[in-house]
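**Q** The structure under discussion is supplied below as structure tokens; questions concerning it will follow.
Please treat every number below as a calculation from the coordinates, not as lab data. Since the structure is predicted, the reported quantities are computational estimates derived from the model, not experimental observations.
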Amino acid sequence: MSDDKKAVNAKVLDRLYATVQARKGADPDTSYTAKLFHRGTAKIAQKVGEEAVETVIEAVRGDKAAMASESADLLYHLMVLWADAGLEPAEVWEKLAQREGTSGIAEKKARKA
């Protein structure tokens, strides 16, 4: 995949987050995102968990198309959870950038220290 294609794909997450933020004060009767915010953090977190499980199920089944669809649902609900918590995607991107080039084993050891 070209760098241009990757950049376009990564930007969709920032656009999604902006849309989620814009729906924070919307009418829960007309916006699913607003309904999630209205129902609170516990419900949003529950939805993240449900979508994570559904993603895992599709991965185990080997259904790439269904896994992509469930992954999109998972990312959406994760963005809602971040917005609910006041966590900006840039904070997550920064954590990922800090870990870049570090082995997973070394990164886990550093967390325990």
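**Q** Give, in nm to one decimal, the length gained when the segment between Ala85 and Lys109 is fully stretched (0.36 nm per residue of separation minus the Cα-Cα distance).
**A** Gain in length upon complete extension: 5.9 nm.
**Q** So if each residue of separation counts as 0.36 nm, and I subtract the Cα-Cα distance between Asp14 and Ala52, what length gain in nm does that give?
**A** Difference between extended and current length: 11.6 nm.
**Q** Still on this structure, please answer the following. Consider just the alpha-carbon atoms of segment 37-113 and return their Rg together with their Dmax, both in angstrom.
**A** Calculated on Cα positions, Rg and Dmax stand at 15.0, 40 Å.
**Q** What's the extension gain from Gln21 to Ala97 if we count 0.36 nm per residue and subtract their Cα-Cα distance?
**A** Stretched out fully, the Gln21 to Ala97 stretch lengthens by 25.0 nm.
**Q** Would you mind checking the pairs Lys43/Lys64; Lys11/Lys112; Lys47/Lys95; Lys24/Lys108; Lys43/Lys95; Lys35/Lys109 and listing those with alpha carbons more than 30 angstrom apart? All intermediate terms of the calculation are to be shown ahead of the outcome.
**A** On the way: Lys43/Lys64 27 Å; Lys11/Lys112 33 Å; Lys47/Lys95 24 Å; Lys24/Lys108 35 Å; Lys43/Lys95 26 Å; Lys35/Lys109 40 Å.
Among Lys43/Lys64; Lys11/Lys112; Lys47/Lys95; Lys24/Lys108; Lys43/Lys95; Lys35/Lys109, the Cα-Cα distance tops 30 Å for Lys11/Lys112; Lys24/Lys108; Lys35/Lys109.
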